[in-house]
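Before any comments, here is the structure.
Derivation of every value follows stated rules applied to the coordinates shown; laboratory data play no part. Note that this is a predicted model, so its numbers are computed, not measured. In this analysis, Cβ positions are derived from the backbone assuming ideal geometry, glycine residues included, and neighbour counts consider all displayed protein chains.
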Amino acid sequence: MNYAARFSLFALTLAACAPTAPRPQDAAPRESSIDDASAANPDAADDVVEDARSDADAATGALTRCPAGGDVCFTLTPAGSGLPARGANATVEQYALRPTANPRGNLLIFLNGSGGSPRGAIASATTNFFTVARDLGLHVLAVSYRSDDAVGLLCATAAMRDECFLPTRTTILTGRYQPGTPMTLSGIAEHEGVYARVLAALVTLHREDPTGGWGAFFDPSMTASPEQAIRWPLVIASGHSQGGGHAALLGRRHALERVVALASPCDNVAGVPASWQRNDGSFATDPAARFVGIATMGDRICSAFPAVWESLRMAPAARMADAVLCAGFDEHAAPLKCAENAARWRAALAAR
């Protein structure tokens, strides 16, 4: 049975199931650097074909309430959402928050950097990127996906470096290997990609938190195709480091509400932005009108971000290169990890 058919059966199974008690995590989340300079950690090829029954069995008890999060914050894993547990980072916690009041009807999707995790984005339990977004009326979904492989490192060793970035990022979004991507990712499975992880989480949240408003962000008639099922015009795509590059590519592929890039995008060859980041009319979301960047000057890991922002033709007011550097974090982590940047987060995410 192919993946699309299994995903459709999985969605139907979820719709028919009643909520059950939360289950313990399959494994403790892996914590490591959130920088693009992290060592690549290739996963073995997942050639196991799992049927719809095994997927659905993994979905029981998917949501756990966040500590001190009340009834508006949940954690769930991709495996707990019914996707194969063998997938990369399938047992790593994802975070889902819904507004406490005045929902705006937009979903913030957050993608961590290479080697990171959704939990790794939280430096302060009270003031972080997720809670600021929630307090602005946004639904928030921080996604665990196949993020261990650092795109910057993979493409630094590729024979055709500029041509490496776009197919490699497309592979990670879709979970389908694209020609021109380093062979490290040749064994990727669709259920490890960003699209599948987002849709599985939304379906599960809608089922187990039925009054939470999650159903507004996907089309239940299209669940066999995760990329088509997500209602992209309602989405704000965001990410840190490598994740910010993925968010920018989502903006190229889909008409989004907005893109918010933290310490990113970074794709470059000797300081020259990779060509896919050129604002040449190929973006479904116009970077000049709907991209916002937050970064710290002196970022040695993403030193090319000013040139990339210029290549994207982002509006001058949307280029916030003055993020505060706080104790314990370097220039690359600061735009995400320093609570002192909450005012910049609010400006980037505020209603327009």
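General observations
- Screening W345, W309 for residues that are touching a residue at least 12 places away in the same chain (Cβ under 8 Å), among the aromatic types (F, W, Y), more than 18 Å from C266 (Cα to Cα) and part of a helix (DSSP H, G or I) leaves exactly one candidate, W345.
- Checking H332 against (1) farther than 12 Å from L262 by Cα; (2) part of a loop (DSSP other than H, G, I, E, B); (3) under 21 Å from the mean Cα position of the chain (by Cα), the condition it does not meet: (1)
- Hits in region 232-286 (condition: under 22 Å from V132 (Cβ atoms) and part of a strand (DSSP E or B)): V235, I236, A237, S238, G239, H240, R258, V259, V260, A261, L262
- On inspection, T174 passes the criterion of being touching a residue at least 24 places away in the same chain (Cβ under 8 Å), within 14 Å of H246 (Cβ to Cβ), surrounded by fewer than 22 Cβ atoms within 10 Å (Cβ to Cβ) and of a type in the set (S, T, N, Q).
- All positions within region 304-324 that are surrounded by 16 or more Cβ atoms within 10 Å (Cβ to Cβ) and over 18 Å from A348 (Cβ atoms): A304, S311
- Residue under evaluation A255, criteria (1) touching a residue at least 40 places away in the same chain (Cβ under 8 Å); (2) touching a Phe, Trp or Tyr at 6+ places or on another chain (Cβ under 8 Å); (3) within 30 Å of K337 (Cα to Cα), criterion not met: (1)
- The residues listed here are R258, R290, R252, R231; of these, the one that is among the basic types (K, R), out of contact with any Cys (no Cβ under 7 Å at 6 or more places or on another chain) and under 15 Å from F165 (Cβ atoms) is R252.
- Positions within region 209-228 being buried (at least 22 other Cβ atoms within 10 Å of the Cβ) and either in a helix (DSSP H, G or I) or in contact (Cβ under 8 Å) with a residue 40 or more places away in the chain (or both), in sequence order: W214, F217, T223, P226
- Among the candidates S264, S282, residue that is buried (at least 24 other Cβ atoms within 10 Å of the Cβ), small (G, A, S), touching a Phe, Trp or Tyr at 6+ places or on another chain (Cβ under 9 Å) and closer than 24 Å to D162 by Cα: S264
Every residue, every condition in (1) without any contact (Cβ under 8 Å) to a residue 40 or more places away in the chain; (2) under 26 Å from S303 (Cα atoms); (3) assigned to a helix (DSSP H, G or I); (4) more than 15 Å from the chain's Cα centre (by Cα), yes or no:
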| residue | (1), (2), (3), (4) |
| --- | --- |
| T131 | yes, no, yes, yes |
| R146 | no, yes, no, no |
| T168 | yes, yes, yes, yes |
| L202 | no, no, yes, no |
| R207 | no, no, yes, yes |
